[in-house]
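Q: Please find one structure pasted underneath; my questions will follow.
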Amino acid sequence: MIDPLPTLRVARPTNNVDALLPFYRDGLGFKILTRFEDHDYFSGVMLGHPRAPWHLEFTWSSRHSAPRCISDDLLMVLYLPTLKIWQAANDKMMMAGFAAVASLNPYWDKLGCTYEDADGYRVVLQHQSWTL
């Protein structure tokens, strides 16, 4: 029997989840997996793909303020190996009202498109397979 892979959760705070949801849900196509409200003064939403071993969590609190992203080079990269899937992902972002931005690192502009969410965090849609 093969041991199950761990599940990766990437969590970060936000001050306005309503501004983030169109980017991740409508643009990138992530599904809302679950939500929680007022758990020790924190609320959150988790997004991802139901069968994927990873998800994103955005949290907010009435007691804490979240800073904007500290660097234009802090990235989440999604590798999309086929032209059809990559183009469809970029089309979906544009239809949701998001325009590509120039990457701080020009490497990502060669085979990818970079988008910035409402908190200043960036996602690269990379037309490439990821290999070791």
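The numbers here are math on the coordinates, done by the rules we state, and not lab data. Since the model is a prediction, treat every value here as computed from it, not as a measurement. With ideal geometry, Cβ positions are generated from the backbone for all residues, glycine too; neighbour counts draw on all protein chains shown.
Q: Quick one: dipole size for the chain, taken about the Cα centre, charges +1 on Lys/Arg Cβ and -1 on Asp/Glu Cβ, in debye to the nearest 20.
A: Once rounded to the nearest 20, the dipole reads 300 debye.
Q: How much length is gained if the chain between ASP26 and LYS110 is pulled fully straight, taking 0.36 nm per residue apart and subtracting their Cα-Cα distance, in nm to one decimal?
A: In short, 27.7 nm is gained.
Q: Further question on the same structure: What aspartates and glutamates sit close enough to LYS92 to cross-link, taking a C-alpha to C-alpha distance under 12 Å and skipping anything fewer than 8 places away on the same chain?
A: ASP26
Q: Report, in debye and to the nearest 20, how large the dipole of the stretch 8-61 comes out about its Cα centre when Lys and Arg carry +1 and Asp and Glu carry -1 on their Cβ.
A: 320
Q: Mind listing the phi-derived Karplus ³J(HN,Hα) values for the stretch 108-113, rounded to whole Hz, using 6.51, -1.76 and 1.60 with θ = phi - 60°, and x for any glycine or proline?
A: 6, 7, 5, 10, x, 10
Q: Another question, then. If you plug each phi of the stretch 64-81 into the Karplus form 6.51 cos²θ - 1.76 cosθ + 1.60 with θ = phi - 60°, what whole-Hz ³J(HN,Hα) values come out, in order, with x for Gly and Pro?
A: 9, 10, 9, x, 5, 4, 8, 8, 6, 9, 8, 10, 10, 10, 10, 8, 10, x
Q: Let me have the relative contact order for the chain, percent, based on Cα pairs under 8 Å that are six or more residues apart.
A: It rounds to 25 percent for the chain.
Q: Of (1) 44, 44, 26; (2) 53, 29, 19; (3) 52, 26, 23, which is the value of Cα extents along the principal axes in Å derived from the coordinates here?
A: It is the one labelled (1).
Q: Arrange ILE32, ILE70 by Cβ neighbour counts within 10 Å, fewest through most, would you?
A: With the sparsest Cβ surroundings first, the list reads ILE70, ILE32.
Q: Sticking with this one: Stretched out fully, how many nm does the piece from THR131 to MET94 gain, at 0.36 nm a residue minus the Cα gap?
A: Gain on extension, THR131 to MET94, equals 10.5 nm.
Q: Further, regarding this structure: Going toward the positive end of the dipole of the stretch 1-43, with +1 on Lys and Arg Cβ and -1 on Asp and Glu Cβ, which of TYR24, THR14, THR34 do you reach last?
A: Result: TYR24, furthest along the dipole toward the positive end.
Q: Here's another thing I want to ask about it. Quick check: net charge around PRO67, other residues with Cβ under 13 Å of its Cβ, Lys/Arg +1 and Asp/Glu -1?
A: Summing Lys/Arg as +1 and Asp/Glu as -1 gives +1.
Q: I want to check the label-to-label distance for MET76 and VAL10. Put each point 7 Å from Cα in the C-beta direction and report it in nm to one decimal.
A: A separation of 0.5 nm, rounded to one decimal place.
Q: What do the square roots of 5 times the Cα gyration tensor eigenvalues come to for the stretch 75-132, in whole Å, largest first, as semi-axes of the equivalent ellipsoid?
A: 17, 15, 9
Q: Ranking request for peptides 16-24, 58-66: highest mean number of other beta-carbon atoms within 10 Å first, then the rest in descending order.
A: Top to bottom by mean Cβ count within 10 Å: 16-24, 58-66.
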